[in-house]
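Comments concern the structure below.
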Amino acid sequence: AQALKGLNCFGELVLLRTDFNVPLSKGPKGELSVSDATRIDAALPTVRLLLGKGAKLVIVSHLGRPEPNKASLSALRLTHGLNPVFSVLKERLGAENIGFVDSCVGPVADTAIAQLQSGQALLLENVRFHVGETQNDLDFAKQLSKHFRIFVNDAFGVLHRDDASVTGVAKIIPNCFPGLLVAKEVHILSGLFLRPRMPLVVLIGGAKVADKMGVVGKFCETASKVLVGGKMAFTFLAAKGVLVGATQVDEPHRFEEARNIEKKARSYGVDFLLPSDQVVAANLEGPLPTAIVPLTLACCTSPLEPCIRDGFVGGDIGPKTVKEFEDVIQTACTIFWNGPLGAYEMPAFSFGTLAIAHAIAAATKKGATTIVGGGDSSAAVHEAGLTAADFTHICTGGGASLEFLQGNMLPGLAVWT
Ligand code: 3PG
């Protein structure tokens, strides 16, 4: 960050990689608009810094996972174009300060880049409209790089991708810098391992068991307490022989790994907490009657005792678990939370996630360092009526932060070393 602040780039063309992979929603006439601008706002300090220095700033990003092999460019523009992002940028920076061109390489982009004035920005169209981006094709990386002597990467959320606009251009452009957001995310997430204020409480929920198992295991070495909720928890619960009824258990082949993670937590003296009750229903689809049941071991549950019966699924942590998790959260000086505790987008199953979001926000007020990661958790924060100001940091990277926290070197960072 210091290097970027000291950079003299007045009148220079600067290529800035951002992660503007933001959620879009459809308006009444089918027009798309950005429904959560967190990632755009998070990149603005770097954008403003470079514009303030008088750079001619060219911004490149991906959005979604378009398939350029399967659709025409005009069809891709309708579904995955960066126009909605451009609308937000115009609002934030002033329409006179930013332009948009509907390609990222080729003569149209070249002309728009050549016309840029000092202190002006130009957003290029989605880099993933070209197969060369995800294939990290050298020719494509050369085309993207050809105007630039300075490259700034502020796309924390995409640092785990070995893509042309992430690592390819960094190998070609002579002067590369991390952006302010990348520096901040790396600093904050490294702090979770290097110097967390103890007790460190880690709360992992959500559904991506395969992606998150490694992080849960890693924190079982360093945290004071690890709490697992959401769909994730069912892999651990089922592995122990807890009755889960018809709840879909992801990754059953990971039961052994799940049991080993719990064992590891015990051997490191880390408390490992799973939900003790659930809100259940016949399915998670509609407004059905729900019930609250304890989570019990198959071997010890008589047919009359309450448990998740066949034909029922768990949709949220129950009130007992909420209380148990809240009590732990109150003891923490540092909290890392990734992933909702249930199907929070349905009102019947939102209580647990929203209550935990409020408990973590309350911990921030009492002085705890609170870090929220992952798109679903940030959406839940908004759903709970909270904002980024209620937490120390809301991480902009989903997969990237999980990879980073497992100690894996991210290609977008490795390329600088
Ligand atoms: C994300 O949303 O995690 C990043 O933008 C990366 O997107 P990807 O998983 O499609 O590469």
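Sort Arg77, Arg92 so the one with the fewest other Cβ atoms within 10 Å of its own Cβ comes first. Each step should come with its number before you reach the end.
Values: Arg77 18, Arg92 15.
Arranged by neighbour count, lowest to highest, Arg77, Arg92 become Arg92, Arg77.
Could you tally the net charge around Gly314, taking each other residue with its Cβ under 10 Å from the Cβ of Gly314, Lys/Arg +1 and Asp/Glu -1?
Numbers: positive: Lys231; negative: Asp277, Asp316.
Around Gly314, the charge tally is -1.
Between Ala291 and Lys146, 0.36 nm times their residue separation minus their Cα-Cα distance comes to what? Kindly include the intermediate steps, with their values, before the conclusion.
Working: separation 145, 0.36 × 145 = 52.20 nm, distance 6.14 nm.
Extending this stretch completely gives an extra 46.1 nm.
Testing the spin-label approximation: label points 7 Å from Cα along Cα→Cβ at Leu194 and Lys240. State their distance in nm.
Using points 7 Å along Cα→Cβ, the separation is 3.5 nm.
Provide the net charge surrounding Gln117, with neighbours chosen by a C-beta distance below 14 Å and charges set as Lys +1, Arg +1, Asp -1, Glu -1. Show your work: numbers first, answer last.
Working: positive: Lys53, Lys56; negative: Glu12, Glu96.
Result for the local shell: 0.
Using only C-alpha atoms and all pairs of different ones, pull out the Kirkwood radius for the chain in Å with one decimal.
Values: mean 1/r = 0.0438 Å⁻¹.
It is 22.8 Å.
Report the FRET efficiency, 1/(1 + (r/R0)^6), for Lys29 and Ala75, where r is their Cβ-Cβ distance and R0 is 22 Å, rounded to 0.05.
On the way: r = 18 Å, r/R0 = 0.82.
After rounding, the FRET efficiency stands at 0.75.
Ala114 to Thr417: FRET efficiency via 1/(1 + (r/R0)^6), r the Cβ-Cβ distance, R0 41 Å, to the nearest 0.05?
Numbers: r = 34 Å, r/R0 = 0.82.
About 0.75, to the nearest 0.05.
Using every pair of alpha-carbon atoms in the stretch 299-372, split the distances into 10 Å bins beginning at 0 and state the percent of pairs per bin, rounded to integers.
18, 41, 26, 13, 3
Excluding Ser72 itself, what net charge comes from residues whose Cβ is under 15 Å from its Cβ, given Lys and Arg +1 and Asp and Glu -1?
Details: positive: Lys70, Arg77, Arg128; negative: Glu67, Asp102, Glu125.
Computed value for this residue: 0.
Using 0.36 nm times the number of residues separating Arg309 and Thr392, minus their current alpha carbon distance, what extension gain do you get?
Details: separation 83, 0.36 × 83 = 29.88 nm, distance 4.04 nm.
Between Arg309 and Thr392, full extension yields 25.8 nm more.
Going down the list Lys56/Lys146; Lys26/Lys212; Lys184/Lys208, which pairs span over 20 Å between their C-alpha atoms?
Numbers: Lys56/Lys146 14 Å; Lys26/Lys212 31 Å; Lys184/Lys208 25 Å.
Result: Lys26/Lys212; Lys184/Lys208 exceed 20 Å.
Please report the relative contact order for the chain, taking Cα pairs under 8 Å with a sequence separation of at least 6, and give it as a percent rounded to a whole number. All intermediate terms of the calculation are to be shown ahead of the outcome.
Working: 856 pairs, mean separation 59.6, N = 417.
Once divided by the residue count of the chain, the mean separation gives 14 percent.
Just name one of Thr18, Ala95, Gln2: the one whose Cα is farthest towards the positive end of the charge dipole of the chain (beta-carbon charges, Lys/Arg +1, Asp/Glu -1).
Of the candidates, Gln2 comes out farthest on the positive side.
Which distance in nm do the two modelled labels at Arg65 and Cys333 give, with both placed 7 Å along the Cα-to-Cβ direction?
Between Arg65 and Cys333, the label points sit 4.1 nm apart.
Could you work out how far helix 38-52 tilts from the main Cα principal axis of the chain, as a 0 to 90 degree angle to the nearest 10?
Approximately 30 degrees, to the nearest ten.
Relative contact order of the stretch 196-405, please, whole-number percent, based on alpha carbon pairs below 8 angstrom and at least 6 residues apart.
Numbers: 449 pairs, mean separation 46.6, N = 210.
It rounds to 22 percent for the stretch 196-405.
What's the magnitude of the charge dipole for the chain around its Cα centre, counting Lys and Arg as +1 and Asp and Glu as -1 at the beta-carbon? Answer in Debye, nearest 20.
Numbers: 38 positive and 39 negative charges, 187 e Å.
Computed about the Cα centre, the dipole is about 900 debye.
Return, for the Cα atoms of the stretch 261-417, the radius of gyration and Dmax in Å, separated by a comma.
That works out to 17.8, 62 Å for Rg and Dmax.
Taking other Cβ within 10 Å of each residue's Cβ, how do Glu305, Glu125 sort, fewest first?
Placing the least packed residue first, the sequence is Glu305, Glu125.
Kindly state, to the nearest 0.05, the FRET efficiency for Asp36 paired with Asn260, given R0 = 41 Å and r defined as their beta-carbon distance. Don't skip to the answer; put the middle values down first.
Numbers: r = 37 Å, r/R0 = 0.89.
For Asp36 and Asn260, the calculated efficiency is 0.65.
If we sort 208-220, 239-251, 267-279 on the protection proxy, mean other Cβ atoms within 10 Å, highest first, what's the order? Intermediate results must be reported in sequence, preceding the final value.
Working: 208-220: 20.7, 239-251: 17.2, 267-279: 19.1.
Peptide ranking by packing, descending: 208-220, 267-279, 239-251.
I need Thr111, Thr364 ordered by Cβ neighbour count within 10 Å, fewest first. Write down the numbers at each step before the final one.
Numbers: Thr111 10, Thr364 18.
Arranged by neighbour count, lowest to highest, Thr111, Thr364 become Thr111, Thr364.
What is the helix-to-structure angle for 83-93, meaning the angle in degrees between its Cα long axis and the longest Cα principal axis of the chain, kept from 0 to 90 and rounded to the nearest 10?
80 degrees
Measure of size requested: the Rg and Dmax of the stretch 1-137, with Cα atoms as the atom set and Å as the unit; please supply both.
15.0, 47
Please list, ordered by chain and number, the residues whose modelled amide H lies under 5 Å from the amide H of Leu16; skip anything fewer than 5 residues away on the same chain.
Sorted by chain and number, the residues that satisfy this are Val58, Ile59, Val60, Val152.
Each value in this text was obtained by applying a stated rule to the coordinates, not by laboratory testing. Note that the structure is predicted; figures quoted are calculated from it, not measured. Heads up, the Cβs are rebuilt from the backbone with ideal geometry, glycines too, and the neighbour counts pull from every protein chain shown.
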